Structures are given as C-alpha cells and as structure tokens.
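The values are calculated or read from the model by the stated rules, or taken from the named source; none is laboratory data. Only a predicted model underlies this, so the values are computations on that prediction, with no experimental measurement involved. A quick note on method: Cβ atoms are made from the backbone with ideal geometry, for glycine too, and the neighbour counts reach across all protein chains shown. Areas reflect the complete protein model, heavy atoms only, side chains present, ligands, DNA and RNA absent. Shrake-Rupley method; radii C 1.70, N 1.55, O 1.52, S 1.80 Å.
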Amino acid sequence: MNWNSHEFIWLDWLIIAVGILAVSYAVWRAIQKDKRSQEGADSEDYLFGKGEPWYIIGAAIFAANIGSEHLVGLAGTGAKAGVGMAHWEMQGWMILLLGWLFVPFYQLMNNKLGKIITMPDFLKNRYTPATGSWLSIITLIAYVLTKVSVTAFTGGIFMESLLGLPFWYGAIGLIVLTGVFTVFGGMKGVMTLSAIQTPILIIGSFLVLFLGLSALGDGNVANGWTAMIDYAKTLNVGKDGVPYGTNHMFHFQTGDPFYDDYPGFWVFIGASIIGFWYWCTDQHIVQRVLGQTKGEANDVVMKRARRGTIAAGYFKLLPVFMFLIPGMIAIALQSKTGSGFDMGYVIKDGKSVLNTDAAFGAMVKFVLPAGVKGIVTIGFISALVASLAAFFNSCATLFTEDFYKPMFKGKSESTYVMVGRLATVVVVVLGIIWIPIMQSLGSLYDYLQGIQSLLAPAMVAVFVLGIYSKRITPKAGEAGMIVGFVIGMLRLLTNIFTNTGKDEMTGWFWEATTWFWKTNWLIFEIWLLVFIMLMMVVVSMFTPKPTEKQIDAITFTGDYKALIRKSWDKWDVIASLGVVVLCVLFYWYFW
C-alpha cells in the first residue's frame with residue numbers, strides 16, 4: 001500500500017464511510033437523549049437549544065461561521081491575493097463585542113418579552129413592527145442568496161476537487177443531506193455535530209498547514225514559511241513592473257494592483273462594518289448564544305454566553321492559518337520545480353488560468369498520508385453540513401417566530417415546530433434553484449463580500465443607534481432600515497450593469513451618477529453607513545419619541561447592572577484581552 005499516495009485509496013473511502021455512519025449515530029444518540037430530557041419542551045427549545053456549556057457555544061459559533069466558502073474561497077483567495085483579504089477573518093476581537101456589549105441588551109429584552117427573542121423581535125419592540133418585518137425579509141433573502149446557495153455552490157466545487165465527484169452530485173447531495181439533518185436534528189443536532197467536527201477540522205487543517213510548509217521547505221517547516229513569504233513578495237506585479245507582493249494586509253500605493261479594490265486603511269473599516277453586522281446582529285450567530293432554560297438566572301445566562309464568545313474569539317484566529325495560508329503555500333508549491341503539486345487549470349474568458357479554487361482540495365490530496373485523508377475529509381463534510389444547518393435552522397426560527405406565530409396564534413407547539421421544518425425545506429429548494437444562477441456570476445468571493453457590504457450599513461446603523469441612543473425614534477429606525485436596503489439594492493443593480501464600476505459607461509445618466517456607481521465599494525459602504533445614521537438623527541427630530549415601554553426595554557436598572565457585573569470576573573477580562581493582543585500581533589506581522 002502506498003501510504004504517501006497523492007490520491008484517495010480504498011482505505012480513505014472505507015474510513016469516510018465508517019466515519020459518516022459513526023458521526024450520524026453519535027448525533028442521533030445525542031438527539032434522542034435530549035428528547036427524553038425535554039419531554040414537553042416547546043418550539044423555542046427546538047430552535048434555540050436549552051443552554052449548552054460555554055465551550056460548546058464557542059465551537060458552535062465557530063462551526064456556524066466555517067463553511068465551504070472557507071475551504072474553497074478563502075484558500076483560493078490566499079493563492080490569488082495572499083493575506084490581503086485576511087481582514088474578514090481576523091475578527092476574533094469583533095465577537096467579543098457580542099458577548100460584552102450586546103448580550104446584556106438581548107437578555108434584557110428576553111426578560112421583557114418572556115421568551116427568547118430573535119433579532120427581528122428586538123427591532124419590532126425597539127422601533128416598529130415594520131422594522132422587524134423588514135429585517136426578517138432582508139435576512140431570509142440574504143440567507144438564500146449569500147449563505148445557503150453560496151455554501152452549497154462552493155461545497156460542490158470542493159467535493160469535485162477533493163473527492164472527484166461531479167459538481168452537481170456534491171452540491172445537491174450536500175444541500176439535501178443538510179436539509180434532512182436540520183429538519184430532524186434541530187438546534188441540538190447542530191450543536192452536537194459542531195462539537196464533533198470542530199476538533200477534526202482544526203487538527204486536519206493544521207496538518208495540511210504544517211505538512212504543506214514541510215513540503216515547500218524540503219522537510220523543514222521554518223524554511224517552508226520563509227519560502228512562502230519570499231514567493232509572495234514576487235507576486236501582485238503592477239503596470240510599472242514592480243512586484244508589490246501579497247504578503248501584507250494593507251495596500252497604500254496607487255501603483256499597487258490591489259489598491260483600486262482594497263485601498264489603504266479603508267479596507268479595515270469596511271471589513272469591520274461587515275463583521276459587526278455578522279457577529280453582533282446576525283440571527284444565525286446570535287442564536288448560538290441565547291439558549292437557556294426557562295427561569296434560569298440572568299447572570300448565569302450572560303456568563304455562559306460571554307465565555308462562549310470569548311472561546312469563539314480564539315477559534316476565529318484559526319481560519320487564516322487553516323485555509324488562507326495553505327492557499328499561499330499551494331501557489332508557492334505550484335511554482336516549485338519538481339514538487340509534483342498541481343491545482344489544475346480552468347478556462348475563463350477563453351483563457352486557460354490556474355484553478356485556485358481547487359487549492360485546498362489539492363493540498364489535502366497532496367500532503368496528507370493515506371487514511372488521514374479520509375479522517376480529515378469526515379471533518380470537512382461535517383463542517384459543511386454544520387454550517388449549512390446553522391443557516392437552515394435560523395431561517396426556520398425567523399419564519400416561525402416572526403411571521404407564522406404572530407399570524408396564527410394559539411397553535412400547538414408541535415405545529416410551530418413543523419412549520420419551522422417546512423420553512424427549512426423551502427429554503428433548501430430555493431438554494432438548489434439559485435445554484436445555476438450562481439454559476440453565471442463572476443468571482444464568488446468578491447460577489448459575497450460585495451453583497452454583504454450593501455446590506456451591512458443599514459443593519460449596523462439601526463442596531464447601534466437603537467441600543468445606545470434613547471433619542472432615536474421608532475420611525476427613524478424604520479426609515480433607516482428601508483432606505484438603507486433600497487440604496488444598497490440600487491447600487492447592486494448598477495454593479496450588474498457596470499461590471500462593479502469597472503466598465504466605461506456613456507450617456508447623461510451614467511455620467512451624472514458616476515459618484516454613485518463608480519465609487520470604490522468599501523468607501524461606498526462606509527459613506528452609506530454615515531448617511532443612514534445622519535438620516536436617522538434628522539428623522540428623529542420630526543417624528544414621535546419612543547414610548548416609555550420602548551425606552552424601558554433598553555434601560556438597565558440598578559439590579560440588572562449588578563447582575564451584569566456579577567456575570568464576569570478578572571479571568572474573563574484577561575481572556576478577552578488575549579484575543580485582542582493576538583489580533584494586533586497578526587496585523588503587526590502582516591502590516
């Protein structure tokens with residue numbers, strides 16, 4: 001047997017088959033045990049869970065974030081652009097804001113409403129019912145267009161590059177498997193699978209990292225790192241023939257080819273806006289931390305949630321090393337004479353170009369020994385299912401809690417759970433239908449970040465001002481959400497017609513609106529956020545003030561402040577500072 005084969009052998013396939021059965025059995029056992037302990041539980045338990053330990057919450061947040069866009073998109077980005085896109089991943093510090101600043105407000109609203117809230121619930125009570133409904137609609141649309149379909153699409157590419165499965169077999173198989181898993185597993189199934197796959201995924205990816213560096217450095221990991229950085233410095237060649245390199249995160253020089261898309265310090269601010277929306281206000285992330293048993297003490301809930309976000313902050317430091325750096329290793333190995341490594345080529349715009357999307361799959365096959373390939377693949381498949389399942393479950397939550405329950409009150413809990421499951425099936429179908437459209441679009445990673453940059457400003461403005469300013473009126477929040485979304489979609493339409501502002505457009509309309517459609521996407525995102533916030537302040541001057549009940553929902557009493565203080569100690573502070581310091585060190589090294 002050739003243990004160092006660069007392809008999957010019978011042992012890998014056997015391990016994959018046995019491993020999938022073992023993982024399925026473990027998840028099934030956990031679900032059955034949970035069902036026995038939850039006799040009489042309601043739909044909130046199915047959708048939110050009942051309060052997992054902090055380390056499980058951290059693993060679940062991490063697993064919900066890791067999808068095939070990382071296995072394919074992030075590794076491919078590493079091969080093409082180096083660490084220039086690491087801003088979107090080096091956001092462990094941002095997750096801390098969820099636990100320290102936002103969870104106390106969300107838990108306060110839980111107490112006021114007597115149930116575990118969704119994010120639309122929060123906006124309906126802080127602003128107007130229409131504001132929450134708009135958020136639900138926008139979120140469901142975003143999940144279908146940028147979450148479910150993107151993860152399934154890139155999952156198909158990953159399965160094709162790693163296992164050799166035809167694209168559609170991998171994509172549809174993944175989405176159907178995940179749909180079935182989510183319908184019958186609920187939040188407990190997602191949490192259990194997250195706990196199983198997280199260690200496998202981390203260990204497997206770091207094996208790829210270190211064995212890849214060893215292969216690049218002729219058996220020496222340190223030499224491999226030096227060779228990777230040295231090669232990255234020769235890339236990103238400008239029109240002046242100067243190599244500006246892909247080994248740094250900021251691009252300040254106008255001759256740098258990356259400057260037009262990721263100019264200077266703007267990239268950090270733009271990435272932070274998207275990160276703030278994703279980590280602090282997105283339903284499928286917040287849902288991971290709000291699980292609790294009825295009547296559980298507030299300080300216990302907040303302590304568990306905060307420590308879960310701290311654990312997730314440390315986990316979030318890993319994807320750059322798990323996926324992006326292996327992509328940089330892959331491009332360096334590709335250029336190394338006699339390495340035998342090959343990502344393959346694809347035809348784009350009539351030209352044969354390197355298939356960087358296959359970088360991670362090619363690395364797994366090239367550097368991992370027989371048997372280990374199979375074990376690591378189990379972790380990757382589990383990660384794909386857990387990530388998709390998190391989106392499916394959140395869609396079920398939003399639809400059930402924010403649309404069906406208000407319209408059909410008094411139904412049995414089993415009916416509400418079944419409606420949530422049917423909503424999941426609908427999301428699965430919509431995701432499958434959207435995949436062919438995804439294939440006709442341009443760069444997947446640019447498309448994904450571009451869509452998020454148009455949705456995030458409205459979300460960030462409405463949540464931040466709604467929580468931290470008692471003067472912002474209900475109608476101001478509603479206007480901010482609607483106007484921000486409409487402007488974002490108008491920009492998306494111009495992106496479609498102008499090739500994201502790269503084409504030269506003629507005619508009075510295009511010439512008169514150059515400021516709108518040609519502005520860099522990150523700068524547009526930042527100014528859109530500023531505009532929405534200013535507009536909300538102005539609207540608040542001319543519309544009725546929030547009611548006493550609305551103000552009360554975001555006002556901490558002395559007793560509640562005491563509970564918040566009771567929920568943390570010096571070790572929580574030290575652990576949080578550790579996340580921040582590690583993020584700063586990464587930025588310092590790759591400045």
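Give the residues of segment 522-544 that are under 18 Å from GLY450 (Cβ atoms) and open to solvent by 50 Å² or more (accessible area, probe 1.4 Å), sorted by residue number.
TRP527
Is it the case, given these coordinates, that GLY164 is surrounded by fewer than 24 Cβ atoms within 10 Å (Cβ to Cβ) and on the phi > 0 side of the Ramachandran plot?
yes
Can you pull out the helices (runs of 4 or more DSSP H) entirely within segment 237-331 that have at least 2 residues that are aromatic (Phe, Trp, Tyr)?
Working: elements: 266-276, 283-289, 298-315.
Output list reads 266-276, 298-315.
Considering each residue of segment 545-591, count those that are in a helix (DSSP H, G or I), of a type in the set (Phe, Trp, Tyr), open to solvent by 70 Å² or more (accessible area, probe 1.4 Å) and over 23 Å from ARG307 (Cβ atoms), and give that number. First the steps, then the outcome.
Start the filter on segment 545-591 by keeping residues that are in a helix (DSSP H, G or I), which leaves 548-552, 558-566, 570-589.
Next, only the ones that are of a type in the set (Phe, Trp, Tyr) stay: 560, 571, 586-589.
If we keep only those that are open to solvent by 70 Å² or more (accessible area, probe 1.4 Å) as well, we get 571, 588-589.
Subsequent filtering for residues that are over 23 Å from ARG307 (Cβ atoms) retains 588-589.
So the answer is 2.
For a quick check of your reading: which helices (runs of 4 or more DSSP H) sit entirely within segment 50-129 and have at least 2 residues that are within 16 Å of LEU448 (Cβ to Cβ) and open to solvent by 10 Å² or more (accessible area, probe 1.4 Å)? Walk me through how you get there before you give the answer.
Working: elements: 54-65, 75-81, 92-97, 103-113, 119-126.
Counting at least 2 such residues, we get 75-81.
Here are some residues: ALA476, ALA461. Which one is within 26 Å of the chain's Cα centre (by Cα), assigned to a helix (DSSP H, G or I) and crowded, with 21+ Cβ neighbours inside 10 Å? Explain how you work it out, then say what you get.
Working: ALA476 fails: within 26 Å of the chain's Cα centre (by Cα).
Among ALA476, ALA461, only ALA461 is within 26 Å of the chain's Cα centre (by Cα), assigned to a helix (DSSP H, G or I) and crowded, with 21+ Cβ neighbours inside 10 Å.
Where residues in segment 333-365 are more than 24 Å from the chain's Cα centre (by Cα) and buried (at least 24 other Cβ atoms within 10 Å of the Cβ), which of them is farthest from ALA383 (Cα to Cα)? Show your work before the answer.
Kept after step one, since they are more than 24 Å from the chain's Cα centre (by Cα), are these residues of segment 333-365: 333-354, 365.
From what is left, the residues that are buried (at least 24 other Cβ atoms within 10 Å of the Cβ) are 333, 343.
Working: LEU333: 26, MET343: 23 Å.
That would be LEU333.
May I ask you to list pairs of residues, at least six apart or on different chains, whose Cβ atoms are under 9 Å apart, with the first in segment 272-288 being small (Gly, Ala, Ser) and the second being crowded, with 24+ Cβ neighbours inside 10 Å and in a helix (DSSP H, G or I)?
Partner pairs satisfying both residue conditions: GLY275/ILE95; GLY275/ALA456.
Tally up the residues in segment 507-521 that are open to solvent by 30 Å² or more (accessible area, probe 1.4 Å) and within 13 Å of GLY270 (Cα to Cα), please.
Going through segment 507-521 one residue at a time, the tally reaches 1.
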